[in-house]
1. Over the Cα atoms of the chain, what Rg and Dmax result, in angstrom?
2. With the contact rule set at Cα under 8 Å and sequence spacing of 6 or more, what percent relative contact order holds for the chain?
3. Where does each of 154, 177 land when they are ranked from fewest to most other beta-carbon atoms within 10 angstrom?
4. Could I have the simple spin-label model distance between residue 101 and residue 173, label points 7 Å from Cα toward Cβ, reported in nm to one decimal?
5. Kindly state, to the nearest 0.05, the FRET efficiency for residue 276 paired with residue 233, given R0 = 30 Å and r defined as their beta-carbon distance.
6. For the chain, what does -39500 (n - 2.57) per DSSP helix run (n ≥ 4), summed and divided by total residues, give at 222 nm, in deg cm²/dmol to the nearest 500?
7. Where does the charge balance sit around residue 61 when Lys and Arg score +1, Asp and Glu -1, over other residues with C-beta under 10 Å from its C-beta?
8. Once fully extended, how much extra length lies between residue 193 and residue 87, figured as 0.36 nm per residue of separation less the alpha-carbon to alpha-carbon distance?
Amino acid sequence: MQENSLKLSVMKHSFPLHRKLFVSHFFTTLLVSSAIGFFIYLTAKESLMNQLRIRLASSAALISQEIDADTLRDIRQPGDVEKFSYQETLEQLRAMRRSVDDIAFLYIMRKAPSGEVVFVIDTDESEEQALPGQVYQAATPQLREGFLRRSADEEITRDRWGAFFSGYSPVMNGDGEFLVGIDMRADEVRSKLDEIQAAALWGIGIALLLSWGIATWMSRHFKRPIDALLGQIQAVSAGNLDQRIEMRRDDEMDSLLNAINDMTSDLKRARDDNLRLAESLDDTFAEKDV
């Protein structure tokens, strides 16, 4: 039992009050700052994704204004790539795509009577280019909505060409049969998100430094008067009643320091009175003995 008491006593003294104050203020400030920073990051991330959705859907809508649905109706099978209407529209779309650096693909799709979504024109300049009539297997609800109104994917999607964030808009005079799609590569989206994440990490780092600074100041702010009080009490215990705490805090701690000084002064007066009384009694007894 005594061993356990000794251990507890050592543990208490090995973690003094000023360190407890430092730890509590540091983690409290860090927790609050990090929570605020994380909330701002999530808000900024959601705002960025919304801006990208609006941008992609609006870009698809602008491009769709330049497309004549009547030139697309007879483009239905791979052999139609030789037609003038296909080649003219393909070059028009490729020129638009090249004008924007972070856009990967532009394409036009048709909704077949069976409900399947098929390519009409794809701007891909590689061997992976989709030919007219090729069925697109990865159609999202947002893509199908694009035959009726402008829309954009809620998140990054994957297909045989890669991972993309896409926007859609119906072709004018297409009667819900055609849409224009525009793809932004996922790495472009992630790059924009990484910028926000980097800013958030910088914010947390600054919050960490501020937390450390505030906790250090708070620890020292309370350690000095506590050390002064301890020194005063030890001096009184040793019989030194002439020592006073010379410290001004301009806060509630002043009342405690002044009270300790007053107590020390009262003890000194009481001791002096007792000494004088003892001397007086000694003198009285000495006279009686004589």
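All of the numbers you see were taken from the coordinates with simple rules; none came from a lab. What you are looking at is a predicted structure, and each value in this text was computed from that prediction instead of being measured. Glycine gets a Cβ as well: all are built from the backbone with ideal geometry, and neighbour counts include every protein chain shown.
1. Both quantities, over Cα of the chain: 40.6, 145 Å.
2. Details: 355 pairs, mean separation 59.0, N = 290.
Across the chain, relative contact order equals 20 percent.
3. Details: 154 12, 177 18.
Ordered by Cβ neighbours within 10 Å, fewest first: 154, 177.
4. Taking the two extended label points, one gets 3.7 nm.
5. It comes out at approximately 0.70.
6. Details: 6 runs with 169 residues, N = 290.
After summing the helix terms and dividing by residue count, I get -21000 deg cm²/dmol.
7. Working: positive: 149, 150; negative: none.
Neighbour charge sum, excluding residue 61 itself: +2.
8. Values: separation 106, 0.36 × 106 = 38.16 nm, distance 3.68 nm.
In short, 34.5 nm is gained.
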